[in-house]
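Worksheet for the structure shown next.
FYI, it's all coordinate maths here, none of it is from the lab. From a predicted model like this one, the values you see are computed outputs, not experimental measurements. Ideal geometry is used to build each Cβ from the backbone, glycine not excepted, and the neighbour counts take in all protein chains shown.
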Amino acid sequence: MKIGFIGLGNMGAPMALNLLKAGHALNVFDLSVQAVRTLVDAGAQAARSPQAAASEVECVITMLPAAAHVRSVLVADDGVLAGIAPGVPIIDSSTIDPASVKAFAELAMAHGNSFVDAPVSGGTGGAAAGTLTFMVGGSVDAYEQVKPVLSAMGKNIVHCGGTGTGQVAKICNNLVLGISMAGVAEAMSLGEALGIDPKVLGSIINTSTGRCWSSDTYNPMPGVIETAPSSRGYTGGFGTDLMLKDLGLATDAARSVRQPVYLGALAQQLYQTMSTNGAGRLDFSAVIKLYRSRERGAGGEAGAQ
């Protein structure tokens with residue numbers, strides 16, 4: 001297929017590369033010249049605008065930071081809806097709020113296009129390996145139409161239900177992730193303060209009832225998991241500011257249905273503290289800096305790195 005791909009960040013770029021490896025032709029657009037150049041070097045064609053990226057293609061994929069960016073890319077004078085042909089599906093893999101998804105789907109439908117929300121889980125490693133989980137919201141027909149494209153980038157393609165339910169699944173998943181990472185950080189820091197070797201404690205947790213992805217794959221304590229961002233200065237992972245954004249989406253959505261999220265609100269404050277103290281670009285597992293005695297600044301604040 002010929003695909004328009006818009007948004008070549010830490011997740012979007014490896015996803016686009018996997019589409020090229022699967023034999024698809026790509027029109028790519030991003031504000032980063034270097035990101036576009038990397039994809040062009042791999043065989044993609046650069047587009048001048050989202051409109052150009054969406055012209056004469058069979059599918060359009062967007063992978064952007066927030067709902068405001070998705071809206072702009074869709075409805076700007078040189079946006080996707082100005083260039084896309086009727087009947088071409090639009091896949092949005094950004095993590096945004098379900099209400100915005102429904103609004104964007106209505107805009108697309110008025111233009112004659114299906115719009116599915118397909119946020120992902122699996123991190124940058126999963127994006128590079130092509131093993132992402134896609135949580136897809138939309139009609140059954142739209143899901144079946146886009147599934148072959150998503151299968152080139154992910155291992156698990158799950159139809160969650162109607163429009164917006166992919167985002168519901170994603171924000172609930174990341175609510176658990178943010179909370180569990182804070183919990184593992186708290187436990188690992190306590191163990192360190194009490195004198196147990198972090199690697200020993202990590203191995204015990206990972207063979208016991210405390211085991212979770214935040215402990216056995218992404219452990220926040222440096223040196224426990226050599227492939228985790230914590231072992232490379234909290235770089236190259238899922239940024240604290242992105243986790244803060246996702247927790248904000250979860251708490252906002254919870255407020256709209258009067259559903260309490262006690263631990264989610266607390267976790268949100270932890271990541272907000274990290275961001276306020278200059279650590280927003282570090283991987284979210286750097287939340288452990290709030291707990292480790294040698295990394296806390298005055299008043300228990302996280303030292304920026």
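Largest first, the extents of the alpha carbon coordinates of region 2-163 on the three principal axes equal 36, 35, 25 Å. Each residue, K155 and D78, gets one label point 7 Å from its Cα in the Cβ direction; the gap between the two is 4.0 nm. Here the residues K21, K147, K289, ranked from fewest to most Cβ neighbours within 10 Å of their Cβ, fall in the order K21, K147, K289.
Positive contributions from Lys and Arg (+1) and negative ones from Asp and Glu (-1), summed over other residues with Cβ under 13 Å from the Cβ of V60, come out at -2. Computed over neighbours whose Cβ is under 15 Å from that of T131, the net charge equals +2, Lys and Arg +1, Asp and Glu -1. So what's the net charge close to A142: Lys and Arg +1, Asp and Glu -1, counting the other residues with Cβ under 13 Å from its Cβ? Cβ neighbours under 13 Å give a net charge of -3. Under a Gaussian network description of the chain, with springs only between Cα atoms under 10 Å, the residue in L194, L31, L132 that fluctuates furthest is L194.
Each Cα pair under 8 Å and six or more residues apart adds its separation to the average, and for region 2-163 the resulting relative contact order is 20 percent.
Gaussian network model of the chain, Cα springs within a sub-10 Å range: biggest mean-square fluctuation belongs to which of T163, T133, T207? In the Gaussian network model the winner is T207.
Looking at the chain, the DSSP beta bridges with both ends there are about 20 percent antiparallel.
The ranking of I179, I3 by Cβ neighbour count inside 10 Å, starting from the fewest, reads I179, I3.
For a straight C-alpha distance cut-off of 27 angstrom, the lysines reachable from K289 (same-chain residues fewer than eight places away being disregarded) are K170, K199, K245. The GluC sites (Glu not before Pro) of region 53-140 that DSSP puts in a loop, and whose beta carbon has at most 13 other beta carbons within 10 Å, are E56.
Here the simple spin-label model places points 7 Å from the Cα toward Cβ, and for V200 and L107 these points are separated by 5.7 nm. Counting every other Cβ atom within 10 Å of each residue's Cβ, S215, S293 order from fewest to most as S293, S215. Which residue, chosen from I196, A265, V40, occupies the Cα position most advanced towards the positive end of the dipole of the chain, where the dipole is computed from +1 (Lys, Arg) and -1 (Asp, Glu) charges on Cβ about the Cα centre? Looking along the dipole axis, the top candidate is I196. Starting from 0.36 nm per residue, how many nanometres of slack lie between K2 and S231 once their C-alpha separation is accounted for? Result: 78.5 nm gained on full extension.
Set against the labelled values (1) 20.1; (2) 19.2; (3) 21.3, Kirkwood radius over Cα pairs in Å computed from this structure falls on (1). Computed on the chain, with alpha-carbon pairs under 8 angstrom and 6+ residues apart, the relative contact order is 12 percent. Charged side chains reduced to their Cβ positions (Lys and Arg at +1, Asp and Glu at -1) give the chain a dipole of some 420 debye around its Cα centre. Between A13, A267, A68, the GNM of the chain built on Cα springs shorter than 10 angstrom shows A68 fluctuating the most. In percent, rounded to a whole number, the relative contact order of region 168-300 is 29, using alpha-carbon pairs under 8 Å and six or more apart.
Counting 0.36 nm for each residue step from S208 to Q45 and taking away their Cα separation leaves a gain of 53.7 nm.
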